[in-house]
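So the structure is just underneath, and the comments pick up after that.
The values are calculated or read from the model by the stated rules, or taken from the named source; none is laboratory data. Predicted, not measured: the structure shown is a model, and the values here were computed from it. Cβ sites come from the backbone with ideal geometry, for glycine too, and all protein chains shown count toward neighbours. Remember, those area values only see protein heavy atoms, side chains included, never the ligands or the DNA or RNA. Shrake-Rupley method; radii C 1.70, N 1.55, O 1.52, S 1.80 Å.
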Amino acid sequence: MNKKKSIYLDNAATTPVDSAVFKKMQPYFFEQYGNPSSVYSLGERANYAVENAREQVADFLNCSSNEIYFTGSASESDNWIIYGLLSNRKKKIHIITSIIEHKAILEPCRNLKEKGLAEITYLPINESGLIEINSLEKAIKKNTALVSIMYANSEIGTVQPIEEIGALIKKINSKRKEKIIFHTDAVQAVNYLNCDVQKLSIDSLSLSGHKIYGPKGIGALYLRNGISINPLIRGGGQERKMRSGTENTPGIIGLGEAIKKVEQSKSKNQSIKKLRNKLITGILKDIPNSQLNGSLEKRLPNNAHISFDGAEGESIVMELSQRNIFVSTGSACASNSLSPSSVLIALGLSREQSHCSIRFTLGRQTTSSDIDFVLKVLPGIISRLRKISGR
Amino acid sequence: MYSKKVIEHFQKPKNMGKMKNPDAVGEVGNPNCGDVMKLYIKVKNDKIEDISFETMGCVAAISTSSMITDMAKGKTLAQAMKISYNDVAEELGKLPPVKMHCADLAVKALQKAIKNYAGTKTKTY
């Protein structure tokens, strides 16, 4: 490994575990290793810690702790709310979601449709990267069982009008017998946005530990009391018979502590936003034919998603990584899929433009000199790649 | 993900840039992956005397372009037509399976340039 300091600007992919969070977790690997279901004191102590973490998550969401279920990931939480609905409804269910959701929503939806168990409406986004409330309202049908709209997009960071959607569905539900469940994937939002489920009228919400400076392999589903879904994982009946499997005690403790720290770190958001704005302004000023994708105002404070005409994303990522700067592409070309990002296509970018995009996501650890360094090296990288491409 | 050789060619590509007065150009593209390659050739006595490329694409697209120009330079047109995508990938050490199409693209660009050259002459290859 290079000894040079690395500049990590991919915090939407994952975050480092906060050292205070790690310290809280540590005892639960070693001394307090008991199974929370065991009746003796070692188990009781683990159980007490798990319930304490549940309170921490509930406090953050302003809900009751018996509305929190720990899961293995936000993907599991997303899958659960969709598959969990199934056998409760006799008729074919209708789900409304958006075209820019995370795969953890899109894939289960696609799967249900394929099996003929659900019809799915995918809402489009406008050029700011936002869904329109009107189109949502128009899409609601008699058999609509679920509306699932992600709070903040993982790729372009745009923030959907969750409070308005919640209010709309609440209003519609007051006149309906079969209530619509409003679910939001809040994985990217927790760090930066208000997640008060009462204020936002959210019925169900997914979140994840590793995006908020907590551990990987732990997620949670908030599910409003009174809403009934079926378990996804059956077995020993943990999590009030709703999610079996021995509790990931250290992970749960880590998630609780991390979410508590989010509340305490809110003051840092303003400085992250300032650095992000410095990055955007600097890039747009110094690099011709570059553009910011998605709304600047309705956007997570740590996200900058930028296209550079004539310079392909993966090549930019590789060039930056040679200088110890870690970012990710807007396109999926670096992974196993060659097709351009569906989010960027939905936003109206051409296929070429979407292949020429980079996502920078700042974090608590980002410094002003990190941004200075990126701004120093990036223009040269883009101009070299444009020379190669002849564009 | 990438071999050392791939990174080398990506960082210091050979024969890079537009050619003045080429005898023929081969342009191919894969809109799905966003790669577009342009190969320029200069031919003398049926041999590729000079060759250069412009590529808009990922790391693999740039290094396969660079590699194929290196391999084709000095070869006869008939020899150059025989270069396969496996040859290019082998010369680069290794290409991730999902990037093999980049080597194929480079081969197609070269073959297209040669065919375009042949089109300007009465001879066919």
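Yes/no per residue for (1) under 15 Å from residue A:328 (Cα atoms); (2) acidic (Asp, Glu); (3) under 28 Å from the mean Cα position of the chain (by Cα); (4) within 11 Å of chain B (Cβ to nearest Cβ):
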site	(1), (2), (3), (4)
A:352	no, yes, yes, yes
A:355	yes, no, yes, yes
A:360	yes, no, yes, no
A:363	yes, no, yes, no
A:369	no, no, yes, no
A:373	no, no, yes, no
A:376	no, no, no, no
A:379	no, no, no, no
A:390	no, no, no, yes
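Step by step: first the residues of segment B:45-59, then only those that are at pLDDT 95 or above and more than 14 Å from residue B:106 (Cα to Cα), then the one that is farthest from the other protein chains (Cβ to nearest Cβ). Which residue is that?
B:47
Does residue A:143 satisfy being farther than 18 Å from residue A:204 by Cα, touching a Lys or Arg at 6+ places or on another chain (Cβ under 7 Å), surrounded by fewer than 24 Cβ atoms within 10 Å (Cβ to Cβ) and outside the structural domain of residue A:359 (by TED's automatic domain parsing)?
Values: farther than 18 Å from residue A:204 by Cα: yes; touching a Lys or Arg at 6+ places or on another chain (Cβ under 7 Å): yes; surrounded by fewer than 24 Cβ atoms within 10 Å (Cβ to Cβ): yes; outside the structural domain of residue A:359 (by TED's automatic domain parsing): yes.
The answer is yes for residue A:143.
Among the residues of segment A:217-240, write down those that are surrounded by 16 or more Cβ atoms within 10 Å (Cβ to Cβ), in a loop (DSSP other than H, G, I, E, B) and charged (D, E, K, R).
Matches in segment A:217-240: A:224 only.
Would you confirm, using the coordinates I've provided, whether residue B:76 is within 16 Å of residue A:390 (Cα to Cα) and in contact with a strand residue (DSSP E or B) (Cβ under 6 Å, 6 or more places away or on another chain)?
Numbers: within 16 Å of residue A:390 (Cα to Cα): no; in contact with a strand residue (DSSP E or B) (Cβ under 6 Å, 6 or more places away or on another chain): yes.
Criteria not met by residue B:76.
Is it true that some residue in segment B:11-25 is basic (Lys, Arg), outside any loop (DSSP other than H, G, I, E, B) and surrounded by 15 or more Cβ atoms within 10 Å (Cβ to Cβ)? Please lay out each step first, then the result.
Quick first cut of segment B:11-25, residues basic (Lys, Arg) only: B:12, B:14, B:18, B:20.
Filter once more, so that each one left must be outside any loop (DSSP other than H, G, I, E, B): none.
No, the conditions are met nowhere in segment B:11-25.
Tally time: how many residues in segment B:49-74 are more than 15 Å from residue B:39 (Cα to Cα) and either open to solvent by 50 Å² or more (accessible area, probe 1.4 Å) or without any contact (Cβ under 8 Å) to a residue 24 or more places away in the chain (or both)?
0
Here's a check for you: in segment B:34-43, which residue that is at pLDDT 95 or above and among the charged types (D, E, K, R) is surrounded by the most Cβ atoms within 10 Å (Cβ to Cβ)?
B:38
If I ask for residues that are in a helix (DSSP H, G or I) and open to solvent by 10 Å² or more (accessible area, probe 1.4 Å), which ones from segment B:75-88 would you list? Steps first, answer last, please.
Step one: of segment B:75-88, the residues in a helix (DSSP H, G or I) are B:77-81, B:85-88.
Correct list: B:78, B:79, B:81, B:85, B:86, B:87.
Given A:364, A:391, which one is in contact with a helix residue (DSSP H, G or I) (Cβ under 7 Å, 6 or more places away or on another chain) and either assigned to a loop (DSSP other than H, G, I, E, B) or closer than 19 Å to residue A:101 by Cα (or both)? Please lay out each step first, then the result.
Details: A:391 fails: in contact with a helix residue (DSSP H, G or I) (Cβ under 7 Å, 6 or more places away or on another chain).
Selected residue: A:364, the only one of A:364, A:391 that is in contact with a helix residue (DSSP H, G or I) (Cβ under 7 Å, 6 or more places away or on another chain) and either assigned to a loop (DSSP other than H, G, I, E, B) or closer than 19 Å to residue A:101 by Cα (or both).
Among the residues in segment A:155-175, are any at positive phi, of a type outside the set (Ser, Thr, Tyr), outside any helix (DSSP H, G or I) and surrounded by 22 or more Cβ atoms within 10 Å (Cβ to Cβ)? I'd like the intermediate steps shown before the answer.
Looking only at segment A:155-175, we keep the residues that are at positive phi, and these are A:157.
Imposing the further condition that a residue be of a type outside the set (Ser, Thr, Tyr) reduces the set to A:157.
Retained after the next criterion (residues that are outside any helix (DSSP H, G or I)): A:157.
If we keep only those that are surrounded by 22 or more Cβ atoms within 10 Å (Cβ to Cβ) as well, we get A:157.
Within segment A:155-175 (the criterion being at positive phi, of a type outside the set (Ser, Thr, Tyr), outside any helix (DSSP H, G or I) and surrounded by 22 or more Cβ atoms within 10 Å (Cβ to Cβ)), the answer is yes, since at least one residue qualifies.
Give just the number: which of (1) open to solvent by 40 Å² or more (accessible area, probe 1.4 Å); (2) more than 14 Å from every other protein chain (Cβ to nearest Cβ); (3) closer than 26 Å to residue B:120 by Cα; (4) not in a helix (DSSP H, G or I) does residue B:93 not satisfy?
(3)
Which residue pairs have Cβ atoms closer than 6 Å, lie 6 or more positions apart in sequence or on different chains, and pair a first residue in segment A:278-306 that is touching a residue at least 60 places away in the same chain (Cβ under 8 Å) and in the same structural domain as residue A:341 (by TED's automatic domain parsing) with a second residue that is open to solvent by 10 Å² or more (accessible area, probe 1.4 Å) and in a strand (DSSP E or B)?
Once the first residue is touching a residue at least 60 places away in the same chain (Cβ under 8 Å) and in the same structural domain as residue A:341 (by TED's automatic domain parsing) and sits in segment A:278-306, its partners that are open to solvent by 10 Å² or more (accessible area, probe 1.4 Å) and in a strand (DSSP E or B) give A:283/A:290; A:298/A:159; A:305/A:359.
Quick one: residue B:31 ticks every box in (1) within 14 Å of chain A (Cβ to nearest Cβ); (2) modelled with pLDDT of 95 or more bar one, so which box is it?
(2)
It is to be established whether one or more residues within segment A:89-102 are in a helix (DSSP H, G or I) and open to solvent by 10 Å² or more (accessible area, probe 1.4 Å).
Kept after step one, since they are in a helix (DSSP H, G or I), are these residues of segment A:89-102: none.
No, segment A:89-102 contains no residue that is in a helix (DSSP H, G or I) and open to solvent by 10 Å² or more (accessible area, probe 1.4 Å).
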